[in-house]
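Engineer: After the structure tokens below, expect a handful of questions from me.
The values are calculated or read from the model by the stated rules, or taken from the named source; none is laboratory data. Keep in mind it's a predicted model, so treat the numbers as computed, not measured. With ideal geometry, Cβ positions are generated from the backbone for all residues, glycine too; neighbour counts draw on all protein chains shown.
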Amino acid sequence: MGVTVDEGTLLAASRRGDLTAYDELVGAYQDRVYQLTYRVTGNPEDAWDAAQEAFVKAFRALKAFRGDAAFSTWLHRIAVNAALDIIRRRPPALDPLDAAAAVTTESVDRMVEQRELQRAIHRAIASLPPDQRVAVVLRDVQGFSYGEIAAVLQVPVGTVRSRLSRARDALRHALADLSPARAHSDEQSEWR
Amino acid sequence: MPATHMKELLSPFLDGALSGREHDEVQRHVEGCAECRAHLESLRRTAESVRSLDPVKVPEGFQAQVRARLSAADTTAPRRWLPRWSWPVAAAAAAVLLVGVFSANLLREMRPVGQVAPEDFRAEPAVPRPSDVQAPSLPAPAGPQALPPVVDVRKIVRTAELALDVDRFDEVAARLLQTAERAGGYVAESAYAEDGGVPQGTFTLRVPAARFAAVTAEVEGLGTVTHRRIGGQDVTEEFVDLQARIRNLERHEQRLLSFMDRATKVSDLLAIEEQLARVRGEIEQLTGRLRFLERSADLASIAVMVRQKVKTTSGVWDFSGTIGKMRAAFLATVRQILSGVEWLGVTASALAPVLLLAAGFWLVIRFRRRARTSEIR
């Protein structure tokens, strides 16, 4: 977090077109931005493209960034839009690994394995409508507060609340089958 | 439906995102309602599952690619600019060019006849300058029955007709006299009249041909030129012809005189005398015409019609010719309005194609830009 100390300096330099300064900002934020785009787009290729797009766009738009929001919030907004753009433009493609996993998830034993659980959660998120997906990723993956999410998405807090509520309810249903206690209902859900 | 209401609030409750009162309410409800307690528990597990996702690290090379893309865009910026901006730039350039062309046409169309630049009128083809034609047009002095070279310059009668609107009539009248005299000429004629309190007059200036252009330009500078006509009549041929005829008649006269010396009969003498008188008269007539032409060619004539501009504010108590001034002012205003309307019409006609083109360009640019933004979106 040493970077955040002189984030203002780096921002000012980047705004003047200093690529080296901006490079440092990219280094500081790339993981968080990539994580966001990965969970929102659902696959690494789109995540990479969206995150790239976000950083390139952010650099170009930096002159217009007046600092009335935190840079992180602003960057997240750009990243969310880039990810949503890619979702909208491309037909929903499953992560090839996930697609392969979907065939093998019939095995309950492997389902309970941490890796598989991770994939299942990931797939469950990816199956949400984009609005809810973004809300839940910002809240539970990125750890933003309701207020911050409202600032990133530029919607009222009430909207954030209801989107998140609906998202969790949908996830609750999707993930209920994964809990070890309900392992047996898994096959039924596959049949549906 | 208190249960659904509570379920809506469970998710924010979980996040501690409720107001104090709401939070307490949900707390109390959940304690008493097993269903909602179960729901809350399931939501908590869901949120925890999502939070349990391993943090994602960006693959190697991400940062380098961002940098590469940005510096590539940086260096290729000038090259990218050209295609990206070529449409608007081309449109703007075309618009500027067209506006320029049409403005030039418009100006030429609307410029009063008299306000042609001096260069223009010097280049007027109808008025060859003496120095230009002097050498080549000399009649060949050689030949068996060649006449002596009596004409060394083309004889051109130059005339100008100018109408001027001036601020102060008296002043201009005096200036015209000065101008003529300074050029080595004179005012051959002047007439003065007053029409409804507006003084106007006609002056005919005679100035040496060589000073014609300079004097004309000077006169034009005295006021607003409302009418202008420049003429140049080449009388060289008539001049030469007259000279030849005069010479022939003189020779005839000489012969008659020698006949008279040798005449012995009175009747012959009388006949010769009669012939001589006729030849003499003819010579005089032709000489007069010759001299007139010579003078006309040497002294150009500039007729200037001067009219004082209508002034709406003259002396406070001076009501003489008020009706005339009012009429003049009224007519001037009507004329200005009409010329304004005409100007608007002419301008609109001149600009119509430009505006149409501009609108076309604008639509194309808008369409393209919209297409591009929707592509980016």
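Here's the yes/no breakdown for (1) more than 7 Å from chain A (Cβ to nearest Cβ); (2) assigned to a helix (DSSP H, G or I); (3) at pLDDT below 85; (4) loosely packed, with under 15 Cβ neighbours inside 10 Å:
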residue	(1), (2), (3), (4)
B:Glu25	yes, yes, no, no
B:Glu41	yes, yes, no, yes
B:Ser49	no, yes, no, no
B:Lys57	no, no, no, yes
B:Glu60	yes, no, no, yes
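Engineer: What's the number of the condition A:Leu75 fails, among (1) surrounded by fewer than 17 Cβ atoms within 10 Å (Cβ to Cβ); (2) assigned to a helix (DSSP H, G or I)?
Structural biologist: Here A:Leu75 clears every test but (1).
Residues are listed down the side, and each one gets a yes or a no for (1) exposed (fewer than 13 other Cβ atoms within 10 Å of the Cβ); (2) at pLDDT 80 or above; (3) part of a helix (DSSP H, G or I):
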residue	(1), (2), (3)
B:Ala277	yes, yes, yes
B:Arg295	yes, yes, yes
B:Lys311	no, no, no
B:Leu331	yes, yes, yes
B:Val341	yes, yes, yes
B:Leu357	no, yes, yes
B:Leu363	yes, yes, yes
B:Thr373	yes, no, yes
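Engineer: Still on this structure, please answer the following. Scanning the range A:26-42 for residues that are buried (at least 22 other Cβ atoms within 10 Å of the Cβ) and more than 16 Å from A:Asn81 (Cβ to Cβ), which turns out farthest from the other protein chains (Cβ to nearest Cβ)? Break it down stepwise before answering.
Structural biologist: Applying the first criterion (buried (at least 22 other Cβ atoms within 10 Å of the Cβ)) to the range A:26-42 yields A:26, A:29, A:33-42.
From what is left, the residues that are more than 16 Å from A:Asn81 (Cβ to Cβ) are A:26, A:35, A:42.
On the way: A:Val26: 5, A:Gln35: 4, A:Gly42: 12 Å.
The extreme case among them is A:Gly42.
Engineer: Of everything in the range A:43-56 that's without any contact (Cβ under 8 Å) to a residue 40 or more places away in the chain and within 9 Å of another protein chain (Cβ to nearest Cβ), which residue is farthest from A:Ala126 (Cα to Cα)? Give the steps one after another, and end with the answer.
Structural biologist: Step one: list which residues in the range A:43-56 are without any contact (Cβ under 8 Å) to a residue 40 or more places away in the chain, which gives A:45, A:47-56.
Next cut, within 9 Å of another protein chain (Cβ to nearest Cβ) only: A:47-48, A:51-52, A:55-56.
Numbers: A:Ala47: 12, A:Trp48: 16, A:Ala51: 17, A:Gln52: 20, A:Phe55: 23, A:Val56: 25 Å.
Result: A:Val56.
Engineer: While we're here: Does A:Ala54 satisfy the criteria of being under 17 Å from A:Phe71 (Cβ atoms), among the hydrophobic types (A, V, I, L, M, F, W, C) and within 18 Å of the chain's Cα centre (by Cα)? Can you show your working first?
Structural biologist: Working: under 17 Å from A:Phe71 (Cβ atoms): yes; among the hydrophobic types (A, V, I, L, M, F, W, C): yes; within 18 Å of the chain's Cα centre (by Cα): yes.
Answer is yes for this residue.
Conditions (1) closer than 30 Å to A:Ala28 by Cβ; (2) among the charged types (D, E, K, R), marked per residue:
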{"site": "B:Lys7", "(1), (2)": "no, yes"}
{"site": "B:Arg21", "(1), (2)": "no, yes"}
{"site": "B:Cys33", "(1), (2)": "no, no"}
{"site": "B:Arg37", "(1), (2)": "no, yes"}
{"site": "B:Arg51", "(1), (2)": "yes, yes"}
{"site": "B:Lys57", "(1), (2)": "yes, yes"}
{"site": "B:Ala68", "(1), (2)": "yes, no"}
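Engineer: Is there a residue in the range A:142-150 that is assigned to a helix (DSSP H, G or I), more than 18 Å from the chain's Cα centre (by Cα) and either at pLDDT below 85 or more than 10 Å from chain B (Cβ to nearest Cβ) (or both)? Walk me through how you get there before you give the answer.
Structural biologist: In the first step, residues of the range A:142-150 are kept if they are assigned to a helix (DSSP H, G or I); the result is A:146-150.
Next, only the ones that are more than 18 Å from the chain's Cα centre (by Cα) stay: none.
No.
Engineer: Tell me whether the range B:211-233 contains one or more residues that are over 18 Å from B:Leu162 (Cβ atoms) and surrounded by 15 or more Cβ atoms within 10 Å (Cβ to Cβ).
Structural biologist: First, pick out the residues of the range B:211-233 that are over 18 Å from B:Leu162 (Cβ atoms): none.
Taking every residue of the range B:211-233 in turn, none turns out to be over 18 Å from B:Leu162 (Cβ atoms) and surrounded by 15 or more Cβ atoms within 10 Å (Cβ to Cβ).
Engineer: Taking the conditions exactly as written (over 28 Å from B:Gln308 (Cβ atoms) and among the small types (Gly, Ala, Ser)), does B:Ala213 satisfy them or not?
Structural biologist: Values: over 28 Å from B:Gln308 (Cβ atoms): no; among the small types (Gly, Ala, Ser): yes.
Considered against the rule, which asks whether it is over 28 Å from B:Gln308 (Cβ atoms) and among the small types (Gly, Ala, Ser), B:Ala213 comes out as no.
Engineer: Would you please name the residue that is modelled with the highest pLDDT, looking only at residues in the range B:68-102 that are of a type in the set (S, T, N, Q) and under 29 Å from A:Asp18 (Cβ atoms)?
Structural biologist: Our first condition is that a residue be of a type in the set (S, T, N, Q); within the range B:68-102, this holds for B:71, B:75-76, B:86.
If we keep only those that are under 29 Å from A:Asp18 (Cβ atoms) too, we end up with B:71, B:75-76.
Values: B:Ser71: 83, B:Thr75: 57, B:Thr76: 49.
Out of the qualifying residues, it is B:Ser71.
Engineer: Got a sec? Which of B:Gln285, B:Gln308 is among the polar types (S, T, N, Q) and touching a strand residue (DSSP E or B) at 6+ places or on another chain (Cβ under 6 Å)?
Structural biologist: Numbers: B:Gln285 fails: touching a strand residue (DSSP E or B) at 6+ places or on another chain (Cβ under 6 Å).
Of the residues listed, the single one that is among the polar types (S, T, N, Q) and touching a strand residue (DSSP E or B) at 6+ places or on another chain (Cβ under 6 Å) is B:Gln308.
Engineer: Just to be sure I understand, how many residues within the range B:279-293 are hydrophobic (A, V, I, L, M, F, W, C), surrounded by 14 or more Cβ atoms within 10 Å (Cβ to Cβ) and closer than 30 Å to B:Gly184 by Cβ?
Structural biologist: Going through the range B:279-293, the residues hydrophobic (A, V, I, L, M, F, W, C) turn out to be B:279, B:283, B:286, B:290, B:292-293.
Still in the list and also surrounded by 14 or more Cβ atoms within 10 Å (Cβ to Cβ): B:279, B:283, B:286, B:290, B:293.
Adding the requirement that they be closer than 30 Å to B:Gly184 by Cβ leaves B:286, B:290, B:293.
Summing the residues that are hydrophobic (A, V, I, L, M, F, W, C), surrounded by 14 or more Cβ atoms within 10 Å (Cβ to Cβ) and closer than 30 Å to B:Gly184 by Cβ in the range B:279-293 gives 3.
Condition check ((1) under 15 Å from B:Ala94 (Cα atoms); (2) among the aliphatic types (A, V, I, L, M); (3) in contact with a Gly (Cβ under 9 Å, 6 or more places away or on another chain)) across all residues:
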residue: B:Gly324; (1), (2), (3): no, no, yes
residue: B:Ala328; (1), (2), (3): no, yes, yes
residue: B:Gln336; (1), (2), (3): no, no, no
residue: B:Ser339; (1), (2), (3): no, no, no
residue: B:Ala348; (1), (2), (3): no, yes, no
residue: B:Pro353; (1), (2), (3): yes, no, no
residue: B:Trp362; (1), (2), (3): yes, no, no
